[in-house]
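Everything below concerns the one structure shown next.
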Amino acid sequence: MSTKFRLYFCVSAFCILHSTFLFAQGPSWWLTRGAVDPNLSPNDYAPITQGQLKWMAVNARDEMNAYFGAGSTIPALIATFSNSNNYYLANLGQVKYVAQPFYDRLYEFNLTNTFPANMPGYYPWGNSSSTNDFALANIGQVKYVFSFDSAVDSDGDGLSDWLEAKLGTDPYNSDTDGDGLSDWWEVANGGDPLDPDDAEPEVTNMRETARQRIIYHWQLYFGMTPTFTNSPGSAADLNDMKDALNALSGKFYKVE
C-alpha cells in the first residue's frame, strides 16, 4: 500500500467513543515501520480515510508477524483490502471491524499489558450500548486503537512481552522455568528458558556470591543494606550490581 496513506504522528490520540484519553507518544513500532511520519504537524481531529486505516492495519500485522504471528483472521482480513476506495472516509464501524481481530489475537497470548492506556472495556471502544458506528472516525481515534505496544516488558527481565509470546515464556514471570536464571539471561547466553534442568549451578552461585560480597561491603562502608529489587539474573539486576560495584569503587584501599 502506498506510503501516501501513512498516518501523521501527533502527541495525543483519542478513544473511539471517549475523547479524554491522552498519551505523550505512540509505540516505537509506529516509527520503525514507517506507519506514521513524525515530521508532519499533528492532525488528530481530521477525518481518516480508508486508505490510512488500512495502512495502519498492514503495519500492525507486520509487527505481529515479527513476533508471534498475526494468526489467520488478520491476514484474511487484509487480503480483502483494495485500492479502489482508499480516499473514502472511514467510519467508526469500519475502524472497529478492522481493529477487533488484532485485539482478539493479543488476548490469545494474554498480552493485555500491551494494550493502549486507559482502555475502557474489552475493546478500545468500550462497552457503550450506543455504537454510533456510522459516525466518521478521525486520525486520533485510529491511532489510539492501534497504540498497542510491542516493547512493553511486564516482568522486567529484559525481554518484551511480545518477544516472550514468540519464545513461549511467561511475560509475567522473569524466570519461567524456575531455575534461578532469568529468561533474558538464558536467551542471551544460549540457554533454554523453558528447561529447568539446563541451569549451571556454578553460574547462579557465582552471581549470588558476588551479590553477598557487595552487600557486605556496602553495609561496611555505608552502614545500610542495599536493596536489589529486580529479578535475580535479569539485565536490570546485573546493571544494579554493576552500579553498586561502581559506587564502592575506590572506597577501599590495600593497607601497605
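Quick note: the coordinates plus some simple rules give every number you see, no bench work behind them. In this text the structure is predicted, and so the values were computed from the model without any measurement. Cβ: placed from backbone, ideal geometry, glycine included. Neighbour counts: every protein chain shown.
Among 228-235, 31-38, 179-186, how do they line up from the highest to the lowest mean number of other beta-carbon atoms within 10 Å?
The packing order, highest mean first, is 179-186, 228-235, 31-38.
Which entries in the list 96/143; 166/242; 96/166 go over 22 Å, if you measure between the two C-alpha atoms of each?
Listed pairs above 22 Å: 166/242; 96/166.
If a/c stays under 1.5 just call it rounded; otherwise compare a/b with b/c (prolate if a/b is bigger, oblate if not). Do that for the stretch 84-133, with a ≥ b ≥ c from the square roots of the Cα gyration tensor eigenvalues.
Oblate, because a/c is 1.5 or more while a/b does not exceed b/c.
Sort 112-121, 207-216 by the packing proxy (mean of other Cβ within 10 Å over each peptide's residues), most packed first.
Per-residue Cβ counts within 10 Å, averaged per peptide and sorted highest first, yield 112-121, 207-216.
Enumerate the amide H contacts of residue 91 below 5 Å, restricted to partners 5 or more residues apart or on another chain; note that Pro and chain-start residues carry no placed amide H.
137
Go through the stretch 55-64 residue by residue and turn each phi into a ³J(HN,Hα) via Karplus (6.51, -1.76, 1.60, θ = phi - 60°); whole Hz please, and just put x for glycine and proline.
My calculation for the stretch 55-64 gives 4, 5, 5, 4, 5, 5, 4, 4, 5, 5 Hz in order.
Give the separation of the Cα centroids, the stretch 205-239 to the stretch 51-68, in Å.
For the stretch 205-239 versus the stretch 51-68, the Cα centre distance is 43 Å.
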